[in-house]
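Colleague: Pasting a structure here, questions to come.
The values are calculated or read from the model by the stated rules, or taken from the named source; none is laboratory data. Note that the coordinates shown come from a computational prediction; the quantities given were computed from them, not determined experimentally. FYI the Cβ positions are ideal-geometry reconstructions off the backbone, even for glycines, and counts take in every protein chain you see. Just the protein is used for accessible areas: all its heavy atoms, side chains included, with ligands, DNA and RNA removed. Shrake-Rupley method; radii C 1.70, N 1.55, O 1.52, S 1.80 Å.
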Amino acid sequence: MSAISELSHLKQKGPVTPEQRAARRKEQSHDNKAAYLFLLPWLVGLFLFTLGPILASLYLSMTDYSLIQAPNFLGLDNYERMLTDGRLHQSLKVTLIYVGVGVPMQLALALAVAVLLNKGMRGLAFYRSVFYLPSMLGGSVAIALLWRQIFGTTGLVNQVLQFFGIDATTGYVSDPDYALWTLILLNVWTFGSPMVIFLAGLRQIPSMYYEAAALDGAGRLSQFARVTMPLLSPIIFFNLVLQIINAFQSFTQAFVVSNGTGGPSDSTLFYTLYLYEQGFARFDMGYASAMAWLLLLIIATFTAVNFLLAKYWVFYDD
């Protein structure tokens, strides 16, 4: 029933009586109870498994807690300890390099492949699935083990170089100068997820914009810079924020490749790996909780800065 017909129906019925109002309130209350009943499992999960652990972590970050003995309140001592923790500073440096280099390279490769796949080639569904596959497998232990073998002293990389007459005997994952870059390369290889999102965004750009640009004499590079990039900027922004958050949370690759040590010489000591070491190897759960809150603050800062800067380069329809 439309709004007009409903109004005319109400006018024909005359004014609403108190009994009718009470019946409507009762019916609405019944609907609300049903809605809350359906929401109950989610609300239980929110308070029991999300908000509860968050508040507990905040309290534990101000304690000395070893998982065995009761927490001993320390105030802000754990946060002050971070200022003089050299390994924490090294883990921040390693993680920032990983994020600052790996994310732009991954997004650039994902966008390049998406542009190629957007040309309408045969077997698009097959190629899209093949390129997406690394994103599903890249974070697994099996791929990390394979990566360590490929870049080992007798790995596939050195075998290929030796085939071309290059005397390559470097163990890239055991060399402090190369170890982190092998993990960055692994992150770049998992470009499938942002690639699929870029491809979906490219499919939404109307062809009339390219036709108008061509009539004005714009070449392919000019069309890409002046048409594709501005119209795709919301998708680029989305992928950028998402991949930065994922990169800061990377753990499995560094743990497996370095055997859980962050070596060699702490060159692959990701922040999450050092947090894990403090909490589950040294059982210093209070300090690990403080590190977790610092990581939350870092990710929130990067996300907020991205949103603040978005108004200068992200273009929407309005």
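Colleague: What is the one condition in (1) within 23 Å of L232 (Cα to Cα); (2) open to solvent by 30 Å² or more (accessible area, probe 1.4 Å) that V130 does not satisfy?
Modeller: With (1) within 23 Å of L232 (Cα to Cα); (2) open to solvent by 30 Å² or more (accessible area, probe 1.4 Å) applied to V130, the lone miss is (1).
Colleague: Where the second residue is open to solvent by less than 90 Å² (accessible area, probe 1.4 Å) and not basic (K, R) and the first is free of Cβ contacts under 8 Å to residues at least 60 places away in the same chain and closer than 23 Å to A292 by Cβ and lies in the stretch 35-55, which pairs have Cβ atoms under 7 Å and are six or more apart or on separate chains?
Modeller: Qualifying pairs under 7 Å: none.
Colleague: D216 - would you say it is under 30 Å from Y98 (Cβ atoms) and charged (D, E, K, R)?
Modeller: no
Colleague: If you don't mind, there's one more thing I want to ask. Output the residue which, of all residues in the stretch 273-318 that are outside any helix (DSSP H, G or I) and open to solvent by 40 Å² or more (accessible area, probe 1.4 Å), is nearest to D64 (Cα to Cα).
Modeller: Here the answer is F283.
Colleague: From the list A179, A168, A213, exactly one residue is within 22 Å of S91 (Cα to Cα), of a type outside the set (D, E, K, R) and open to solvent by less than 20 Å² (accessible area, probe 1.4 Å). Which is it?
Modeller: Of A179, A168, A213, the one residue that is within 22 Å of S91 (Cα to Cα), of a type outside the set (D, E, K, R) and open to solvent by less than 20 Å² (accessible area, probe 1.4 Å) is A179.
Colleague: Exactly one of (1) more than 28 Å from V130 (Cβ to Cβ); (2) open to solvent by less than 30 Å² (accessible area, probe 1.4 Å) is unmet by L199. Its number?
Modeller: It is condition (1) that L199 fails.
Colleague: Going by what's in this entry, would T268 be described as at negative phi, surrounded by fewer than 18 Cβ atoms within 10 Å (Cβ to Cβ) and of a type in the set (S, T, N, Q)?
Modeller: No; evaluated as a whole, the condition is false for this residue.
Colleague: If you check every pair at least six apart or on different chains, which have Cβ atoms under 6 Å apart with a residue in the stretch 70-86 that is assigned to a helix (DSSP H, G or I) first and a residue that is open to solvent by less than 100 Å² (accessible area, probe 1.4 Å) and among the aromatic types (F, W, Y) second?
Modeller: N78/Y287
Colleague: Next question, about the same structure. Criterion first (open to solvent by 60 Å² or more (accessible area, probe 1.4 Å), in contact (Cβ under 8 Å) with a residue 40 or more places away in the chain and touching a Ser or Thr at 6+ places or on another chain (Cβ under 8 Å)) does S174 satisfy it?
Modeller: Taking the combined requirement at face value, the residue satisfies it.
Colleague: What residue, of I184, I236, is open to solvent by 20 Å² or more (accessible area, probe 1.4 Å) and of a type in the set (V, I, T)?
Modeller: So the residue among I184, I236 that is open to solvent by 20 Å² or more (accessible area, probe 1.4 Å) and of a type in the set (V, I, T) is I236.
Colleague: Checking A218 against (1) in contact (Cβ under 8 Å) with a residue 24 or more places away in the chain; (2) farther than 30 Å from D85 by Cβ, only one condition comes out false. Which one?
Modeller: Condition not satisfied by A218: (1).
Colleague: If we keep just the residues of the stretch 138-159 that are in contact (Cβ under 8 Å) with a residue 24 or more places away in the chain and part of a helix (DSSP H, G or I), which is least open to solvent (accessible area, probe 1.4 Å)?
Modeller: Of everything passing the filter in the stretch 138-159, A144 is least open to solvent (accessible area, probe 1.4 Å).
Colleague: While we're on this one: Go through the stretch 188-231 and report how many residues are part of a helix (DSSP H, G or I), within 30 Å of N246 (Cα to Cα), of a type outside the set (F, W, Y) and more than 19 Å from the chain's Cα centre (by Cα).
Modeller: 9
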